[in-house]
Amino acid sequence: MSLEEMLGTNWFPKVGIAAIVIGVGLLVASKWGSFDPWLRVLIVYAGGLGTLVCGIFAERKERYQTLGRSLIGGGWAITVLVTYGLKHAPFMAILSSNALDLLLLLAVIAMMVGHTLKYDSQLVTGAGFLLGFAAITLNPDPPYNLLAGALLVTGMTIIVLRRRWFELEIFGILASYLNHFYWLFSIFEFQSARAPFQHHTVSMLLVIAYWAVFRLSYVVRMVKSKEEESVSTIAGLLNPLLFLALMKYQSFHPEWAFYALLILGATEFLLGQLPVSRRRLAPFRVLSSLGAAFMVAAVPFKYSGNALEMLWLAGGEVFLLAGIFTRERLF
């Protein structure tokens with residue numbers, strides 16, 4: 001393809017649907033017109049489902065396949081957003097039960113998983129899940145926005161394992177932790193200082209859940225090529241490093257950092273010794289190196305006054321060792 005063809009047929013549809021979903025996210029968060037909440041829900045649902053149907057028909061023609069798949073992902077993202085907003089969008093809330101809304105959201109995500117798997121396309125699935133993340137981020141209602149993100153993480157991980165789309169998982173890891181960081185940053189900005197907040201315990205538990213889901217995915221997956229193992233290794237290293245950074249950002253007890261680092265290191269090391277990890281050589285080597293580096297770094301980290309330089313050094317050492325063991329020069 002020429003540059004013009006590549007932009008017009010490949011990149012513009014993706015950028016365009018991302019702009020549309022973000023626009024709908026901002027629309028849901030604002031008051032527009034004098035419509036009743038139920039009418040707003042119908043209008044936005046009609047837009048999301050209309051986008052989805054248009055994508056299904058356009059995808060059938062090879063000439064419009066990229067456009068159709070972009071529309072399918074965007075349509076599902078809007079549908080997920082509106083379902084979440086039935087209780088948590090201030091101008092669209094028509095439900096009174098958080099449990100019912102989460103149940104409906106889980107059902108919609110399950111349908112999205114089942115439908116997008118039919119296309120065997122990372123574009124369709126990635127657009128649906130990642131744009132869903134972005135849209136929910138624009139409509140925070142803690143802790144339910146975080147729970148909705150956790151549901152999206154779980155659904156996306158199931159697809160990653162079934163289709164071996166490990167590149168998509170990297171974007172999922174970044175979306176999960178950065179979405180959580182953005183929410184924490186907004187809270188601290190509102191407080192004008194870093195201080196404990198109402199949903200601090202839930203926040204910590206959800207970050208731990210992110211780590212556990214992505215670590216389970218890394219350990220149990222089936223890998224069939226060196227390229228897949230290299231991408232998996234990136235995900236395997238990004239997960240604990242972003243986990244530590246986020247836990248550090250929302251921590252108010254620096255005296256506990258030594259024990260947290262020691263426990264995480266021991267956990268990673270033990271996971272590397274499991275038979276399922278030894279089935280592939282890379283997880284055994286990467287997790288063992290990761291765990292050892294964290295446990296060794298725990299002591300100087302404590303006696304340096306919790307200096308972040310120690311964590312950066314530990315992370316750099318782990319990437320170096322991973323590059324040696326997996327023979328990946330990039331690391």
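The values are calculated or read from the model by the stated rules, or taken from the named source; none is laboratory data. Not measured: the values here are computed from a predicted model. Glycine also receives a Cβ, built like all others from the backbone with ideal geometry; neighbour counts cover every protein chain displayed. Each accessible area value is taken on the protein alone, full model and side chains, heavy atoms only, with ligands, DNA and RNA left out. Shrake-Rupley method; radii C 1.70, N 1.55, O 1.52, S 1.80 Å.
If the condition is being farther than 20 Å from Leu86 by Cα and open to solvent by 10 Å² or more (accessible area, probe 1.4 Å), then region 131-156 contributes only Thr154. Residue-level analysis places Leu241 outside the set of residues that are out of contact with any Gly (no Cβ under 8 Å at 6 or more places or on another chain), of a type outside the set (Val, Ile, Thr) and either over 25 Å from Glu167 (Cα atoms) or at pLDDT 90 or above (or both).
Return yes or no: is Ile159 surrounded by fewer than 24 Cβ atoms within 10 Å (Cβ to Cβ) and aliphatic (A, V, I, L, M)? Don't jump to the end; show me each part of the working.
On the way: surrounded by fewer than 24 Cβ atoms within 10 Å (Cβ to Cβ): yes; aliphatic (A, V, I, L, M): yes.
Here the answer is yes, as Ile159 does meet what is asked.
Of all the numbered requirements in (1) within 20 Å of Val21 (Cα to Cα); (2) modelled with pLDDT of 80 or more; (3) buried (at least 18 other Cβ atoms within 10 Å of the Cβ), Leu174 misses one, and that requirement is (3). Restricting attention to region 183-196, does a residue exist that is open to solvent by less than 40 Å² (accessible area, probe 1.4 Å) and at pLDDT below 85? Checking region 183-196: at least one residue is open to solvent by less than 40 Å² (accessible area, probe 1.4 Å) and at pLDDT below 85.
Of the residues contained in region 132-154, none is found to be closer than 12 Å to Trp76 by Cβ, in contact with a Ser or Thr (Cβ under 6 Å, 6 or more places away or on another chain) and not hydroxyl-bearing (Ser, Thr, Tyr). Using the structure shown, decide if Leu168 is under 15 Å from the mean Cα position of the chain (by Cα), assigned to a helix (DSSP H, G or I), on the phi < 0 side of the Ramachandran plot and at pLDDT 80 or above. In short, yes. For region 230-331, please list each of the helices (runs of 4 or more DSSP H) lying entirely inside it that holds at least 3 residues being open to solvent by less than 40 Å² (accessible area, probe 1.4 Å) and touching a residue at least 24 places away in the same chain (Cβ under 8 Å). Ranges flagged: 257-272, 281-303, 308-326. Within region 98-107, is even one residue at pLDDT 80 or above, open to solvent by 20 Å² or more (accessible area, probe 1.4 Å) and of a type in the set (Gly, Ala, Ser)? Looking through region 98-107, at least one residue is at pLDDT 80 or above, open to solvent by 20 Å² or more (accessible area, probe 1.4 Å) and of a type in the set (Gly, Ala, Ser).
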